[in-house]
Amino acid sequence: MFRDLTFRAQWCEAIIKSSEDAIISKTLDGVVSSWNIKAQNLFGYSEEEIVGRPITLLFPERLKNEETQILQKIYRGESISHFDTIRLHKNGTPIDVSVTISPIRNEEGGVIGISTIIRDIAERKRAEREISRLSAERLALLNARTAELHMTEERLEQRTQELRATLRRLASAERKKSEEERKRLSQELHDEIGQMLTALNFNLEIARRKIQSPDSASALEVAIQISEEIVKSVRHIMYQLRPPQLDEFGLISALRWHIDHLKHSSPLHIILHDKLGKKRLSPDLEMTCFRIVQESITNILRHASATQADIHVMLNASLLDLHIRDDGVGFEAPPDSENSFPAGHFGLRGMRERVIAMNGRFSIVSAPGRGCVIEISIPKDVEQGDHLW
Ligand SMILES: Nc1ncnc2c1ncn2[C@@H]1O[C@H](COP(=O)(O)OP(=O)(O)OP(=O)(O)O)[C@@H](O)[C@H]1O
Ligand SMILES: [Mg+2]
């Protein structure tokens, strides 16, 4: 085929022969016209077997239309560089190859044939496949580990929630017990000591009327005063333990009593904005609200340096809203979460727990220099026994 070659043609032939790549030429309609040793080694066909036959012999069935596209490009005078594809060995085995195709031109520049250089890239493809298999394995492993981690996290979260609920229940039960104990003490003070002191006073009064001696009369006078003081103190302790108004007349009455009582000992101006009136709530709800106001006012007196506190009690179809606002120094309010209250301070935490135990909402709106508002909203029809204190 290369008879009468010029030096240049001989040089080309030498390159083609010694090339590590398969070098094939074909006619413009895709028929093989030359075939080097490497092509023979790669595809298993000898030059005699393949020359004159269509190049599509090397194409797997599903890639046969590649040839049409290749020819169209070549007709347009374009080349195709390093195009990864698959060709078939004579025995039908697929081979990964990289193909570079370019037009062969005559001296006038017209396209007279097609040159195809085919490189065996099986090794590279194997490495690529191995890399993607390993990556897929690692990804699958990572996904499995992440899923495991999520599950562990979920289990831990669930356990934490369970423990929190148990803690809430225990704290609630503790509060209920303490409230009952306070009630019992208050009643005992009233029924036992209160009655006895009243009887003592009464008898001292009778004795005073009957005694003639001025010295004895003045001693008795002192005794009567002491006894009256004791009665007042006992009553005060009794009310602090559990204001009887709460059980007898309801929340507003108990709050009024509490506010009146504070008037004598503090310059804080407390205003009760009452939209509840004489309406009664469940005993638990009344007690919760009373204790929250009590602790809020104690906080205002202790920490706020406020001049005024406003207590709003509002009732709508389903909720009891309680807002306690002060115009004091304010503070960096903790975010609403069970663990965000400072250690060793129990007032705000206790308020929140009481409200959450009654399925209510609790929030603190405060910032330094901007006063503080405690906002509470509790379903008013919480079934008795639905919750503990
Ligand atoms: N109305 C308020 N104005 C300004 N700071 C407040 C107010 N209420 C609470 N604080 C701040 O929040 C902190 C926590 O209040 P909390 O009632 O939980 O605990 P405490 O009053 O310090 O102690 P206790 O356990 O006796 O109630 C207070 O120490 C105070 O710094
Ligand atoms: Mg407090």
11 Å beta-carbon shell around Ile300, net charge (K/R +1, D/E -1): -2
Phi-derived 3J(HN,Hα) across the range 209-216 with the Karplus relation (6.51, -1.76, 1.60, θ = phi - 60°), rounded Hz, x for Gly and Pro, is 5, 8, 7, 9, 5, x, 4, 4
Of the trypsin sites (Lys or Arg not before Pro) in the range 1-75, which ones lie in a loop per DSSP and count no more than 12 other C-beta atoms within 10 Å? Arg3, Lys64
Residues Met151, Met314, Met238 arranged by fewest to most Cβ contacts within 10 Å: Met151, Met314, Met238
Which residues qualify? For Leu319, with a placed amide H closer than 5 Å and at least 5 residues away or on another chain, they are Lys380
Which whole-number percent gives the relative contact order of the range 111-243, counting Cα pairs below 8 Å spaced six or more residues apart? 28
Most exposed first by the Cβ proxy, i.e. fewest other Cβ within 10 Å, how do Phe346, Phe7 rank? Phe7, Phe346
Which of the pairs Lys275/Lys380; Lys177/Lys232; Lys26/Lys64 have their Cα atoms more than 21 Å apart in this structure? Lys177/Lys232
Comparing Ile121, Ile356, Ile300 in a Gaussian network model of the chain (Cα, 10 Å), the one with the largest mean-square fluctuation is Ile121
With no solvent term and unit scatterers on the alpha-carbon positions of the chain, Debye gives log₁₀ I(q)/I(0) at q = 0.06, 0.10, 0.13, 0.15 Å⁻¹ of -0.55, -0.81, -1.10, -1.24
Can you tell which of Glu13, Glu148, Glu375 shows the greatest fluctuation in a Gaussian network model of the chain with Cα springs below 10 Å? Glu13
Using DSSP, restrict attention to beta bridges with both residues in the chain and report what percent are antiparallel, rounded to the nearest 5. 90
Pick from Arg354, Arg133, Arg291: which residue has the top mean-square fluctuation in a GNM of the chain where Cα pairs under 10 Å get a spring? Arg133
Among rounded, prolate and oblate, which fits the range 126-242 when a ≥ b ≥ c are the square roots of the eigenvalues of its C-alpha gyration tensor, a/c under 1.5 means rounded, and a/b larger than b/c means prolate? prolate
Please work out the C-alpha center-to-center distance from the range 247-287 to the range 307-323 and express it in whole Å. 11
Could you please rank Leu320, Leu156, placing first whichever residue has the fewest other Cβ atoms within 10 Å of its Cβ? Leu156, Leu320
In whole Hz and in residue order, list the ³J(HN,Hα) couplings for the range 247-261 that follow from phi through the Karplus curve 6.51 cos²θ - 1.76 cosθ + 1.60, θ = phi - 60°; x for Gly and Pro. 6, 7, 10, x, 4, 4, 4, 5, 5, 4, 4, 4, 5, 4, 5
Amide H contacts of Asp84 (H built 1.01 Å from N, under 5 Å, at least 5 apart or other chain): Val99
With -39,500 (n - 2.57) per DSSP H segment of 4 or more residues and division by the full residue count of the chain, the 222 nm estimate, nearest 500 deg cm²/dmol, is -16500 deg cm²/dmol
Cα centroid distance between the range 120-180 and the range 187-237, in Å? 72
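Coordinate-derived values only; no laboratory data. Everything numeric here is computed off the predicted structure, so don't read it as measured data. Cβ sites come from the backbone with ideal geometry, for glycine too, and all protein chains shown count toward neighbours.
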